[in-house]
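Below is one structure, written out as structure tokens; comments come after it.
Where a number appears in this text, it was derived from the coordinates with a stated rule and is not lab data. Just so it is clear, the structure is predicted and the values come from calculations on it, not from any experiment. Note that we place each Cβ from the backbone using ideal geometry, even for glycine, and neighbour counts take in every protein chain shown.
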There are 2 protein chains.
Amino acid sequence: MKKNILRSKIKQIFIKHQLSKKHSEICADYLIKAELVEARSHGLLRLKMYCDRIKKKLINPKPKIRIKRISSSISHINADNSIGFVSADIAINQAIKNAKKTGIGLVAVNKSGHYGLSSFYAEQAVNKNLMVFCFTNAPPALAPHGAKKSLFGTNPICFGVPTGKIPFILDTSTSIINRGKIRRAYKLGEKIPYGVALNKSGKITTNAKEALLGTQLPIASFKGSGLAWMVDILSGVLTGSSHGGKTKDPFDDFTGPQNVGHLFITINPKIFVGRNFMREIKRNIKLVKKLPKAKGFSSILYPGERKYKTYKKNLNKDISIPLKILKEMDYLNAI
Amino acid sequence: MKKNILRSKIKQIFIKHQLSKKHSEICADYLIKAELVEARSHGLLRLKMYCDRIKKKLINPKPKIRIKRISSSISHINADNSIGFVSADIAINQAIKNAKKTGIGLVAVNKSGHYGLSSFYAEQAVNKNLMVFCFTNAPPALAPHGAKKSLFGTNPICFGVPTGKIPFILDTSTSIINRGKIRRAYKLGEKIPYGVALNKSGKITTNAKEALLGTQLPIASFKGSGLAWMVDILSGVLTGSSHGGKTKDPFDDFTGPQNVGHLFITINPKIFVGRNFMREIKRNIKLVKKLPKAKGFSSILYPGERKYKTYKKNLNKDISIPLKILKEMDYLNAI
């Protein structure tokens, strides 16, 4: 489907579900972006879920988002159960504003929902020449080290920095693979890789459904578990959101709003060394790239490079949409 | 050896090496602390190295440490090639001061050296009821994803948060195992686990000597590589220190000062939710701890808990020192 047609279709669907025109556009743009970077688990696959939650009044289509100024660096945003895209979009813009003014911005969001890829927000800060951390929590998917039940989300760590070329954007979940990939495998009847998830009785499984009912494994055992816990504290406890396994699964749990939390930290990278920063970050990347390559590698990529190239490659192409999702869209548009 | 005797011996050694009384005490306390938490690779094992570097004028025993105020939240510290303990001690105290005043502190240090364990500094902020990140870079030990040569250090990510009880302190290197473990395996003629290191020609090796001559692998392949890169940018590029594999190995490279960089971010955890923070962090830990345990686990520990218990266990015991190190100390004291 042509991008502009898809955009207006998605926009239309959200407008029919009571979102404002502006909020509908924000959501459409982020969903399309997920398709363009081929993070399909964060794209159109989720459209029906968002609409279902709006219909059940678990996402507030007309949120009164309150921004509380704590200092010129620090803000808190009560998202009023807004769809995650909208509150995170407001929050990253506030964090950018704060860092531009003072050198550092800290913006916390509570009462929000799933916001797509963290890299969407990191990219915006990097495009304004800022360094950035984005943290968000997510529904239980990972067992803490020593436990046999999920509690942490796949809790990503996202860090971005301007390079003068393609943004350096690390966006890494603390699970071995994204939950979205497992959901997509389940939806399409595919197997998942070996060693990334356990079934309910604690055994390794390649069956997507069993994995969804079981638990995913964190990267590097106790290290990844600790990092996931850190993200739960930063985006959950600090912001005043759900935490400790209480974030609701957007697909399965309709007992209340998700109450996801996000935290954005923005830093002016020139604050300490001035213009030298850009010279040194370029040198840094050059030094890594010119290392002798390991077997099977013809080049060394920095985080974000591959995704950026995927985005550029797909930017002027039509977006292919599975039949099942096309049907969902028709259904959602016909309401 | 009794702790107070050991302390005065170390202090005496540093004073003989031209450090001020105050700086000598700071160094002695951090080195003893490393022994008490049984992080022996960061303790007395390094005493001779520090002294060697002072003698070779690579560590400045009388540094003119310059603190530059950028705002009430942000400071930069030029450590003037001070021993790492001293500049990091000054830096974390500045970061604490800044966060106490404004809610957030950001302190960068350049021209510093190896500072021991990141958790030492995190702990100080946590004891002042702050949340904290500590980042430092280190000499090459890890191959970036796709390379067959070391460039990143084992670049730890350290995050601390007050809990009302034992501090939550995550302090995790981005390498799969500590270099110290490989050194120990080499000494004892043991093999190292499969998949943690490459030999010189880029092949996986379980031979400890080959691993020491080759390169260690990051946790979770490209994810850990990205995290190590992030730490290199935060503590190296941002602060105006060495980066991109240019940090000198303190044991082997006497061609110049190390020029290590550190970055501290401190946050008042009550800034968004007030007193609720302490209630919720306690609830968070309780929720994780009460999960059903995996096979082989009788309890779930949070990061920092085990190290704290080790510290408490050793606090009133004599510190046992290998003969080799005792001899080194006598030698250093006789100068």
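Things to note:
- Inter-chain Cβ neighbour average for residues B:232-244, partner chain, 10 Å: 6
- Calculated [θ] (222 nm, deg cm²/dmol) that DSSP helices of n ≥ 4 give over chain B, each run adding -39,500 (n - 2.57): -12000 deg cm²/dmol
- Scattering curve values for the stretch B:238-291, log₁₀ I(q)/I(0), Debye with Cα scatterers, q = 0.14 Å⁻¹: -0.64
- If you run the Gaussian network model on chain A, springs between alpha carbon atoms under 10 Å, then out of A:21, A:97, A:293 the most flexible one is A:293.
- Rounded to the nearest 20, the Cβ-based charge dipole of chain B about its Cα centre (Lys and Arg +1, Asp and Glu -1) stands at 800 debye.
- For residue A:200, the point set 7 Å out from Cα toward Cβ sits 5.6 nm from its twins in the other copies, listed from shortest up.
- Taking other C-beta atoms within 10 angstrom as a stand-in for reagent exposure, B:1, A:131 fall in the order B:1, A:131, fewest first.
- Under the span-like rule (Cα at least 18 Å along the axis, Kyte-Doolittle mean at least -1.0), DSSP H helices of chain B: B:3-16, B:21-36, B:84-102, B:276-289
- For the stretch B:296-302, backbone phi angles converted through the Karplus equation (6.51, -1.76, 1.60; θ = phi - 60°) give residue-by-residue couplings of x, 10, 9, 8, 10, 9, 8 Hz, Gly and Pro being listed as x.
- Gaussian network model of chain B, springs between alpha carbon atoms under 10 Å - residue of B:86, B:132, B:237 with greatest fluctuation: B:237
- Think of it this way: in the protein assembly as shown, A:27, A:51, B:27, B:51 stand alone, with no other Cys Cβ under 4.7 Å.
- For the segment A:166-174, counting C-beta atoms of other chains within 10 Å of every residue's C-beta and taking the mean gives 3.
- Amide proton proximity set for residue A:204, modelled H, under 5 Å, gap of 5+: A:199
- Over 27 Å between alpha carbons, listed pairs B:48/B:181; A:21/A:97; A:22/A:100; A:187/A:246; A:68/B:307; A:295/B:223: A:68/B:307
- One decimal place: the segment residue B:286-residue B:299 gains 3.5 nm when fully extended, by the rule 0.36 nm per residue minus the C-alpha distance.
- As a rough guide to protection, the peptides B:208-214, A:238-244 ranked by mean Cβ packing within 10 Å, highest first, stand as A:238-244, B:208-214.
- Cα centroids of the stretch A:270-335 and the stretch A:103-162: 17 Å apart.
- Label-point separation, residue B:3 to residue A:222 (7 Å along Cα→Cβ), nm: 2.3
- Chain B: most fluctuating residue of B:220, B:125, B:141 per GNM, C-alpha cutoff 10 Å: B:220
- Relative contact order for the stretch A:242-312: 15 percent, from Cα pairs under 8 Å spaced at least 6 residues apart, divided by residue count.
- Label-to-label distance for residue A:207 and residue B:323 is 6.1 nm, based on points extended 7 Å past Cα in the beta-carbon direction.
- Length-normalised contact order for chain A - Cα pairs under 8 Å, 6+ apart - percent: 21
- For residue B:311, the point set 7 Å out from Cα toward Cβ sits 4.2 nm from its twins in the other copies, listed from shortest up.
- Cα centroid separation, the stretch B:1-43 to the stretch A:200-228 (Å): 43
- Two-site FRET efficiency, residue A:200 against residue A:66, from Cβ-Cβ distance with R₀ of 45 Å, rounded to 0.05: 0.65
- Size of the protein assembly as shown as Cα extents on the principal axes (Å, biggest first): 88, 51, 48
- The phi torsions of the stretch B:195-208, fed into the Karplus equation with coefficients 6.51, -1.76 and 1.60 and a -60° offset, translate into couplings of x, 9, 8, 10, 7, 4, 8, x, 9, 4, 10, 10, 8, 4 Hz, rounded to whole numbers, with Gly and Pro shown as x.
- Taking the DSSP bridge list for the stretch B:43-118 and keeping only pairs wholly inside it, about 45 percent are antiparallel.
- Ordering B:311, B:115, B:331 from the fewest to the most neighbouring beta carbons within 10 Å gives B:331, B:311, B:115.
- Over the stretch A:128-202, Cα pairs under 8 Å with separation of 6+ residues give a relative contact order of 23 percent.
- For the stretch B:1-100, the spread of Cα positions along the three principal axes, ordered from largest to smallest, is 45, 30, 22 Å.
- Label-to-label distances for residue A:290 across copies, nearest first, come out at 5.9 nm, using points 7 Å from Cα in the beta-carbon direction.
- Ranked by how many other Cβ atoms sit within 10 Å of their own Cβ, fewest first, the residues A:196, A:107 fall in the order A:196, A:107.
- Taking the empirical scaling 2.2 N^0.38 Å for compact globular proteins as reference, the stretch B:85-172 has a Cα radius of gyration ratio of 1.20.
- Here the calculated FRET efficiency for residue A:309 and residue B:38, from their Cβ-Cβ distance with R0 = 35 Å, stands at 0.15, rounded to the nearest 0.05.
- Theoretical gain in end-to-end length, residue B:18 to residue B:101 [0.36 nm per residue, Cα-Cα removed]: 26.4 nm
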